[in-house]
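Here is the structure we will look at.
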Amino acid sequence: KLRAAHIVNLSGEALLIASGKDFSNLQKVMDGEDVGTLFLPARKNRLHARQRFLAFFSEPAGSLIVDAGAENAITQQNKSLLPGGVLGLTGTFHRGDTVCIVNSERKELARGIVNFAFDEVAKICGAQSSEIEKVLGREVDNKEIVHRDFLVVTL
């Protein structure tokens, strides 16, 4: 019950837990009476379905370790993760997999869908976005390792 409340709250919704044995509780709630435990949302904005899936139900294939600048850009400025902010990586992932984005203390900051495979990220981490194609030796569609449209902050 508490895990469900946590997921609902982080998704921007409120949740009330009350006894189901007392059938009058529903009417009491509708009448505004104080029944059960009310969990208020932790977020001002609701998460979209894709963001909910990423945050709570996707299984990360690896992690991207980011510097303080990237941490701030992701968590405070709603920015994409660029190669220059990546310090290291763990796991084995492919393009399109879910990854955790963690800070240097390994605290999870966000989850997102990665635009490059593990071996490519290993080559471009720390590089400027303008250097990606040269380092990889091919043209790329995205210069972000994780685009903000496919990223959700999980703090």
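Values quoted throughout were computed directly from the atomic coordinates according to the rules given, and no laboratory measurement underlies them. Because the structure is predicted, anything quoted here is derived from the model rather than measured. Neighbour counts are summed over all protein chains in view; Cβ atoms, including those assigned to glycine, are modelled from backbone coordinates with ideal geometry.
A residue that is surrounded by 13 or more Cβ atoms within 10 Å (Cβ to Cβ) and farther than 14 Å from G112 by Cα cannot be found anywhere in segment 49-57.
Restricting attention to segment 12-50, the residues that are in contact (Cβ under 8 Å) with a residue 12 or more places away in the chain and part of a helix (DSSP H, G or I) total 2.
The residues of segment 113-129 that are touching a residue at least 12 places away in the same chain (Cβ under 8 Å) and not hydrophobic (A, V, I, L, M, F, W, C), listed by number, are N115, E120, K123, G126, Q128, S129. Which ones in segment 140-155 are among the β-branched types (V, I, T) and part of a loop (DSSP other than H, G, I, E, B)? Matches in segment 140-155: V140, I145, T154. Of the set (1) in contact with a Phe, Trp or Tyr (Cβ under 6 Å, 6 or more places away or on another chain); (2) in a loop (DSSP other than H, G, I, E, B); (3) farther than 30 Å from K123 by Cβ, all apply to N9 but (2).
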